[in-house]
1. Filter segment 170-211 for residues that are exposed (fewer than 14 other Cβ atoms within 10 Å of the Cβ) and touching a strand residue (DSSP E or B) at 6+ places or on another chain (Cβ under 9 Å); which is modelled with the lowest pLDDT?
2. Given the condition part of a strand (DSSP E or B), assigned by TED's automatic domain parsing to the domain that holds Leu92 and within 19 Å of Glu90 (Cα to Cα), answer yes or no: does some residue in segment 33-44 qualify?
3. Here's a check for you: in segment 81-114, which residue that is among the basic types (Lys, Arg) and touching a residue at least 24 places away in the same chain (Cβ under 8 Å) is farthest from Asp130 (Cα to Cα)?
4. Checking the structure you have, find out if any residue of segment 123-130 is of a type outside the set (Gly, Ala, Ser) and surrounded by fewer than 23 Cβ atoms within 10 Å (Cβ to Cβ).
5. If Met100 meets every condition in (1) assigned by TED's automatic domain parsing to the domain that holds Leu26; (2) assigned to a loop (DSSP other than H, G, I, E, B); (3) hydrophobic (A, V, I, L, M, F, W, C) apart from one, which number is that one?
6. If you check Tyr155 against the conditions, is it surrounded by fewer than 21 Cβ atoms within 10 Å (Cβ to Cβ), free of Cβ contacts under 8 Å to residues at least 60 places away in the same chain and either hydrophobic (A, V, I, L, M, F, W, C) or in a helix (DSSP H, G or I) (or both)?
7. Of the residues His29, His85, His101, which is surrounded by fewer than 17 Cβ atoms within 10 Å (Cβ to Cβ) and at pLDDT 95 or above?
8. Pairs only if they're at least six apart or on different chains, beta carbon under 7 angstrom, first in segment 31-58 and at positive phi, second modelled with pLDDT of 95 or more; list them, first residue then second.
Amino acid sequence: MKVDVLFLRSDVGLTKKEKSEIQNALVPHVTKAAKALRYNPRVLTITIHPNWPRTDRQGMPAYTQLKDWIWIALNYKQFRSRKHHARLIERLKYLAYHEMHHAARGYAMSLPRKKFHVLLNSVVSEGLADMFALEQYPSEHIRSYVTYNEREAHYWFKKIKRMHQTEYPSSWLFGGHGKPKNVAYKVGRFVIAEAKRKHLKLNATKLLHMDYRRILRLAGIK
């Protein structure tokens with residue numbers, strides 16, 4: 001697999017040193033993730049946009065746009081600050097594992113014709129991707145980030161399960177409008193943790209291609 005990291009042109013340009021730091025944070029971990037997942041596209045393209053204006057989503061949102069294309073944006077002011085720089089380098093490593101699991105699972109923003117995003121599948125897929133990052137690279141940053149409150153997650157799981165929608169606002173993923181921050185991620189972590197607790201040989205790699213409904217049955221959450 002060839003990994004192409006492409007830096008998109010913007011009003012703000014990254015320096016050679018900054019580009020090198022980003023590549024060094026991404027490429028080894030993307031390669032390790034691909035090997036663990038037995039995922040081998042001919043080329044994987046990662047695009048980086050340096051001028052993300054907001055500081056939410058930890059100042060660095062990312063999406064798996066297609067099975068062979070990962071989109072990352074960063075807030076250059078945060079990236080250049082002493083306070084946030086080291087954290088954002090660690091976030092790049094986390095994203096390498098998280099987004100690669102999405103790519104290998106086929107959970108991308110753009111789906112094939114006649115396929116739709118289902119909220120419960122999104123919940124399970126986000127939980128799988130986070131647990132994969134934790135299993136493959138249990139750094140202090142990832143261990144502090146991939147967390148959930150069991151009582152809160154259980155409460156919102158029951159609400160989401162009743163919905164089972166294919167069309168839903170982004171607040172069901174990222175929070176807001178009365179929902180906790182990153183609600184789908186926290187519920188997903190809870191679901192996968194329950195499946196692993198009840199079936200000790202399972203991990204996020206073995207669950208890669210399993211249908212979300214079967215994973216929910218394995219988790220057995222009432």
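The values are calculated or read from the model by the stated rules, or taken from the named source; none is laboratory data. Just so it is clear, the structure is predicted and the values come from calculations on it, not from any experiment. Glycine also receives a Cβ, built like all others from the backbone with ideal geometry; neighbour counts cover every protein chain displayed.
1. It comes out as Ser170.
2. No, that holds for no residue.
3. Arg87
4. Scanning segment 123-130, I find no residue that is of a type outside the set (Gly, Ala, Ser) and surrounded by fewer than 23 Cβ atoms within 10 Å (Cβ to Cβ), so the answer is no.
5. With (1) assigned by TED's automatic domain parsing to the domain that holds Leu26; (2) assigned to a loop (DSSP other than H, G, I, E, B); (3) hydrophobic (A, V, I, L, M, F, W, C) applied to Met100, the lone miss is (2).
6. yes
7. That would be His85, the only listed residue that is surrounded by fewer than 17 Cβ atoms within 10 Å (Cβ to Cβ) and at pLDDT 95 or above.
8. These pairs meet every condition: Gln58/Arg91.
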